[in-house]
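Participant: So that we are looking at the same thing, I have put the structure below in structure tokens.
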Amino acid sequence: MTQKTGVLYQGYPSEQELSGAPGVPSDERIKKGPVAFIECVQEIPCNPCEEACPYGAITVGKPITNLPKLDEEKCIGCGTCIAACPGLAIFMLNGSKQKAEVSFPYEYYPLPQKGDVVDCVDREGKLVVKGTVLRVVKSPRYDATAVLTVEVPMKYIKIVRSIKRLGRS
């Protein structure tokens with residue numbers, strides 16, 4: 001019996017789903033600097049990412065159930081789209097430095113602080129590697145969603161998607 005994978009069965013996208021997603025940038029673009037990595041693989045009525053992008057780098061168009069498409073040449077990696085996504089499916093990857101930078105939405109308290117060493121996890125929530133918090137952005141325009149940026153070894157750039165929830169203070 002074949003194991004069923006993917007967002008409908010596991011709650012997170014499979015590698016096969018991501019390989020066909022129009023919001024996933026090329027490896028070459030990731031190496032150039034910050035760029036959105038849109039892991040939206042379900043055709044649902046949603047377009048806040050399109051509305052949030054000030055550079056027109058994300059398009060959903062009509063019908064509103066289209067998957068978001070990333071124009072990787074227009075994307076400057078500003079990160080505005082990260083907190084705008086109600087499905088928490090947008091990340092920012094920067095592969096232009098010695099170590100990878102991964103930015104992601106984070107809706108738990110307490111928030112980590114810049115410089116903290118944290119447990120970084122994959123899409124499934126499994127521990128991958130220790131990472132260092134580079135930034136914590138909590139903008140009023142992001143509502144209740146903070147955007148964290150962690151630094152991890154480059155080989156984990158497409159694997160790390162969050163951090164292990166911190167203990168209560």
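The values are calculated or read from the model by the stated rules, or taken from the named source; none is laboratory data. In this text, all values refer to a predicted model and were calculated from it rather than measured experimentally. Reconstructed Cβ throughout: ideal geometry from the backbone, glycine too, with neighbour counts over all protein chains shown.
Participant: Taking region 6-21, which residues are part of a loop (DSSP other than H, G, I, E, B) and surrounded by 15 or more Cβ atoms within 10 Å (Cβ to Cβ)?
Facilitator: Of all residues in region 6-21, those part of a loop (DSSP other than H, G, I, E, B) come to 6, 11-14, 20-21.
Those that are part of a loop (DSSP other than H, G, I, E, B) and surrounded by 15 or more Cβ atoms within 10 Å (Cβ to Cβ): Gly6, Tyr12, Pro13, Ser14, Ala21.
Participant: Cβ-Cβ distance below 7 Å, separation of 6 or more or different chains: which pairs start in region 1-21 with a residue that is in contact (Cβ under 8 Å) with a residue 40 or more places away in the chain and end on one that is among the acidic types (Asp, Glu)?
Facilitator: From residues that are in contact (Cβ under 8 Å) with a residue 40 or more places away in the chain, the pairs are Tyr12/Glu124; Pro13/Glu39; Ala21/Glu39.
Participant: If you don't mind, there's one more thing I want to ask. Hey, can you tell me all the residues within region 81-109 that are in a loop (DSSP other than H, G, I, E, B) and either closer than 21 Å to Val24 by Cβ or modelled with pLDDT under 95 (or both)?
Facilitator: Cys85, Pro86, Gly87, Leu88, Ala89, Gly95, Ser96, Lys97, Glu107, Tyr108, Tyr109
Participant: Identify the single condition in (1) modelled with pLDDT of 95 or more; (2) surrounded by fewer than 21 Cβ atoms within 10 Å (Cβ to Cβ) that Gln42 does not satisfy, given that it satisfies every other one.
Facilitator: (1)
Participant: Condition check: modelled with pLDDT of 95 or more, surrounded by 14 or more Cβ atoms within 10 Å (Cβ to Cβ) and touching an Asp or Glu at 6+ places or on another chain (Cβ under 9 Å). Does Ser162 satisfy that?
Facilitator: Here the answer is yes, as Ser162 does meet what is asked.
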